[in-house]
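Asker: I'd like to ask some things about the structure below.
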Amino acid sequence: QITSKSKESIWEFIKSLLDAWSGWVVMLLIGLLAGTLAGVIDLAVDWMTDLKEGVCLSAFWYSHEQCCWTSNETTFDDRDKCPQWQKWSELLVSQSEGASAYILNYFLYIMWALCFAFLAVSLVRVFAPYACGSGIPEIKTILSGFIIRGYLGKWTLLIKTVTLVLVVSSGLSLGKEGPLVHVACCCGNFFSSLFSKYSKNEGKRREVLSAAAAAGVSVAFGAPIGGVLFSLEEVSYYFPLKTLWRSFFAALVAAFTLRSINPFGNSRLVLFYVEYHTPWYMAELFPFILLGVFGGLWGTLFIRCNIAWCRRRKTTRLGKYPVLEVIVITAITAIIAYPNPYTRRSTSELISELFNDCGALESSQLCDYINDPNMTRPVDDIPDRPAGPGVYTAMWQLALALVFKIVITIFTFGMKIPSGLFIPSMAVGAMAGRMVGIGVEQLAYHHHDWIIFRNWCRPGADCVTPGLYAMVGAAACLGGVTRMTVSLVVIMFELTGGLEYIVPLMAAAVTSKWVADAFGKEGIYEAHIHLNGYPFLDVKDEFTHRTLATDVMRPRRGEAPLSVLTQDSMTVEDVETLIKETDYNGFPVVVSKDSERLIGFAQRRELILAIKNARQRQDGVVSNSIVYFTEDPPELPPNSPHPLKLRRILNLSPFTVTDHTPMETVVDIFRKLGLRQCLVTRSGRLLGIITKKDVLRHMAQMANQDPESIMFN
């Protein structure tokens, strides 16, 4: 219609162009908004994290780093100290050292953290309960064809953006990456509601949401291609080629917008950008694979413990006190985190420091090696050196931080606040990896004559890069928890710019997936989908049982017959009674109760609306008017009331299978078409109906699970 009209006038031609371009316009808008929100979140988190420790006197809206940029009094050794930036103790009691100053700083750190967390959980509870959690399990469910009303609404978008800043700044063990995908999908939903092409078509809207998820990961990690692959591998259900191009465009625009905001001031899209210059050697694959095994074991442990804790929260009284739970966890986190310098700072900064290579300009404790006084080498390529006291201190602090992170993340993920899982998992892996890296480095230094080191590690050479081990460990742990492989490796090398380290990353990712899959096939998102009982048919699962449609369909033998409408023998009152007495979402329409030949399917919502409108607008439609779904009205006695024609709301091509269709095929149909129900016929006669929930119950029964435990109530 649009194409034929476009030849009539210039205005119609412009309208046809707008229609053709609307998809790309939506992508452009999503990219711009998602990139802007991500930039604002990054800047706000940076400032509020530093606010817990001190304040900038020259301009209170500056973070610690920005405050000392403009200062002329900084020296190279004390680059963090400048007169404009004052810790709370200096400001309030004019002391920077000593026990009283430490205790005051400690107390204020905890108070700020509690204040941020309380504000966040209150906002979520009062304004947008759907803003809690990561959002990825629900988005996977929505993309599989299930509707969660209000989940992608404007309030959710606003509250999630604000509370995300608060919870990340409060120092809780969570990241902003998962929630950014939810935020981007809210943007996608908002913009697709402005174009009738998308607002009236659920299938097209889901394609937009798939692309929005890619834009979300693109700004979360500064990894546009990784975002597209993440959407393809992890989030999306149906991913045609058109969606691939659109996702690519949305991710590009989002990354470009974030880059122009430049939240970190280093022209990079992420905080932890690194460049390594040393190659890796074959012998190092062994520790890389060990890190992969550690990642898989941590993933399994985390999923089992976290799901057990979340199930406790659902089934016991713990779930009735969400605000109290958040406050208690925040207090415990802040009290334990402050004394250890590695847990005090924000997790992104910690990962950044663990990834970093020790150059000549590094002031970190992890780089406190003993230098050779008569070393005359270029600054860039520093040889392996023996560890100094700072490295040993850092090692045991990292070990304590690792144990703390592992435990506290289990309790934090799943509380009633926005919480992402990528950053804590990467932190656990990076800490383990950095410790392994330092161990291998010292081993190579002290035993360079061993057979494994002799070929590639001469004295005075820079052979082991501990930062690389941290990067591989981070990838392994993230892979163990989420079971991503391809997108994970691409995100990691986009994140770090290390193209030559693809093989170590692949080795670690595949090992961690194998190890974790040995203990259970579900990643954390699938586990949460099952815990919440969302009707989600996983594309990755295979259905291998030899049952038929007739074994699954309702009604079974001995059950009440199926509620149906007839094509021309029911009155308006009969239809209204049927709607009142049942809570089904739709009704099959048959020729008559005797023949039961299927005509079509009528949705409950459309029936209610059509009858309501007819009673208001059409004269003569009363309770005993006949409802007919045929082309021509039925033969009626002369003085009968005006009949009501409802053919336009009838779906004349409902999806049907025969009673002997194998369930393997039925499950495939449900997956690939995102169906909600499917009618079962035999030679045109209606026998029963199979809904998505029936399919899920049947699959649970076949896997020897309790079918009632998996359903969303």
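Asker: Going by the structure shown, is L104 out of contact with any strand residue (DSSP E or B) (no Cβ under 8 Å at 6 or more places or on another chain), part of a helix (DSSP H, G or I) and under 30 Å from T482 (Cβ atoms)?
Answerer: no
Asker: Could I ask something else about it? Quick one: what pairs do we get from the stretch 11-40, first residue open to solvent by less than 50 Å² (accessible area, probe 1.4 Å), second basic (K, R), C-beta under 6 Å, 6+ apart or different chains?
Answerer: Taking only residues 6 or more apart or on different chains, the pairs are E12/K5; S22/K197; M27/R246.
Asker: Which ones in the stretch 617-675 are among the hydroxyl-bearing types (S, T, Y), in a loop (DSSP other than H, G, I, E, B), in contact (Cβ under 8 Å) with a residue 60 or more places away in the chain and farther than 24 Å from R604 by Cβ?
Answerer: Within the stretch 617-675, just T661 meets the criteria.
Asker: Go through (1) within 30 Å of L443 (Cα to Cα); (2) open to solvent by 30 Å² or more (accessible area, probe 1.4 Å); (3) at pLDDT 95 or above and name the single condition C305 misses.
Answerer: For C305, the failing item is (1).
Asker: Okay, next question. If V666 passes every condition in (1) at pLDDT 90 or above; (2) open to solvent by 60 Å² or more (accessible area, probe 1.4 Å); (3) within 30 Å of the chain's Cα centre (by Cα) but one, which one does it miss?
Answerer: In the conditions (1) at pLDDT 90 or above; (2) open to solvent by 60 Å² or more (accessible area, probe 1.4 Å); (3) within 30 Å of the chain's Cα centre (by Cα), V666 misses (2) alone.
Asker: Quick one: F239 ticks every box in (1) in the same structural domain as T496 (by the TED database); (2) in contact (Cβ under 8 Å) with a residue 24 or more places away in the chain except a single one, so which number is it?
Answerer: If we test F239 against (1) in the same structural domain as T496 (by the TED database); (2) in contact (Cβ under 8 Å) with a residue 24 or more places away in the chain, just (1) comes out false.
Asker: Additional query: Among the residues of the stretch 521-538, count how many are more than 21 Å from V667 (Cβ to Cβ) and either acidic (D, E) or in a loop (DSSP other than H, G, I, E, B) (or both).
Answerer: Qualifying residue count for the region: 0.
Asker: Taking the residues in the stretch 676-701 that are free of Cβ contacts under 8 Å to residues at least 60 places away in the same chain and closer than 17 Å to H545 by Cα as candidates, determine which candidate is least open to solvent (accessible area, probe 1.4 Å).
Answerer: Among them, the one singled out is A700.
Asker: Got a sec? Which of A308, A215, A211 is free of Cβ contacts under 8 Å to residues at least 60 places away in the same chain, among the aliphatic types (A, V, I, L, M) and under 22 Å from P137 (Cα atoms)?
Answerer: When all the criteria are applied, what remains is A308.
Residues are listed down the side, and each one gets a yes or a no for (1) touching a Pro at 6+ places or on another chain (Cβ under 9 Å); (2) in the same structural domain as W309 (by the TED database); (3) surrounded by fewer than 24 Cβ atoms within 10 Å (Cβ to Cβ); (4) at pLDDT 95 or above:
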{"site": "G437", "(1), (2), (3), (4)": "yes, yes, no, no"}
{"site": "A444", "(1), (2), (3), (4)": "no, yes, yes, no"}
{"site": "W450", "(1), (2), (3), (4)": "no, yes, yes, no"}
{"site": "G460", "(1), (2), (3), (4)": "yes, yes, yes, no"}
{"site": "G473", "(1), (2), (3), (4)": "no, yes, no, yes"}
{"site": "E494", "(1), (2), (3), (4)": "yes, yes, yes, no"}
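Asker: Within the stretch 502-523, how many residues are open to solvent by 10 Å² or more (accessible area, probe 1.4 Å), within 27 Å of L269 (Cβ to Cβ) and aliphatic (A, V, I, L, M)?
Answerer: Looking only at that region, the number is 5.
Asker: Has the stretch 272-282 got any residue that is under 24 Å from A220 (Cβ atoms), surrounded by 15 or more Cβ atoms within 10 Å (Cβ to Cβ) and in the same structural domain as V428 (by the TED database)?
Answerer: no
Asker: Here is a follow-up. Checking D50 against (1) buried (at least 21 other Cβ atoms within 10 Å of the Cβ); (2) more than 18 Å from W112 (Cβ to Cβ); (3) at pLDDT below 90, which test does it fail?
Answerer: (2)
Asker: Hey, can you tell me all the residues within the stretch 399-427 that are over 15 Å from A337 (Cβ atoms) and of a type in the set (D, E, K, R)?
Answerer: K416, the sole residue that qualifies.
Asker: Can you tell me which residue in the stretch 401-430 is surrounded by the fewest Cβ atoms within 10 Å (Cβ to Cβ), limited to those that are outside any helix (DSSP H, G or I) and on the phi < 0 side of the Ramachandran plot?
Answerer: Per the criteria, the residue is K416.
Asker: I would also like to ask the following. For the stretch 118-155, how many residues meet the condition of being in a helix (DSSP H, G or I), over 19 Å from V217 (Cα atoms), of a type in the set (A, V, I, L, M) and touching a residue at least 12 places away in the same chain (Cβ under 8 Å)?
Answerer: Number satisfying all stated conditions: 5.
Asker: Okay, moving on. Is it true that some residue in the stretch 599-614 is closer than 29 Å to M663 by Cβ, touching a residue at least 24 places away in the same chain (Cβ under 8 Å) and among the aromatic types (F, W, Y)?
Answerer: Yes: the stretch 599-614 contains one or more residues that are closer than 29 Å to M663 by Cβ, touching a residue at least 24 places away in the same chain (Cβ under 8 Å) and among the aromatic types (F, W, Y).
Asker: Looking for something open to solvent by less than 20 Å² (accessible area, probe 1.4 Å), at pLDDT below 90 and more than 17 Å from T550 (Cβ to Cβ) - is there at least one such residue anywhere in the stretch 640-647?
Answerer: Yes: the stretch 640-647 contains one or more residues that are open to solvent by less than 20 Å² (accessible area, probe 1.4 Å), at pLDDT below 90 and more than 17 Å from T550 (Cβ to Cβ).
Asker: Another question about this same structure. Of all residues in the stretch 244-271, which are surrounded by 18 or more Cβ atoms within 10 Å (Cβ to Cβ) and either assigned to a loop (DSSP other than H, G, I, E, B) or at positive phi (or both)?
Answerer: P263, F264, L269, V270, L271
Asker: Which one is surrounded by the fewest Cβ atoms within 10 Å (Cβ to Cβ) among residues in the stretch 156-179 that are in a helix (DSSP H, G or I) and among the charged types (D, E, K, R)?
Answerer: E177
Asker: Confirm whether L499 is among the hydrophobic types (A, V, I, L, M, F, W, C) and either touching a residue at least 40 places away in the same chain (Cβ under 8 Å) or surrounded by 22 or more Cβ atoms within 10 Å (Cβ to Cβ) (or both).
Answerer: It is false that L499 is among the hydrophobic types (A, V, I, L, M, F, W, C) and either touching a residue at least 40 places away in the same chain (Cβ under 8 Å) or surrounded by 22 or more Cβ atoms within 10 Å (Cβ to Cβ) (or both).
Asker: Determine whether G558 is open to solvent by 80 Å² or more (accessible area, probe 1.4 Å), of a type in the set (G, A, S) and in the same structural domain as T656 (by the TED database).
Answerer: In short, yes.
The values are calculated or read from the model by the stated rules, or taken from the named source; none is laboratory data. Please read all numbers here as calculations on a predicted model, not as lab measurements. Heads up, the Cβs are rebuilt from the backbone with ideal geometry, glycines too, and the neighbour counts pull from every protein chain shown. Ligands, DNA and RNA are stripped out before the accessible areas are found, and what is left, the full protein with its side chains, is counted by its heavy atoms. Shrake-Rupley method; radii C 1.70, N 1.55, O 1.52, S 1.80 Å.
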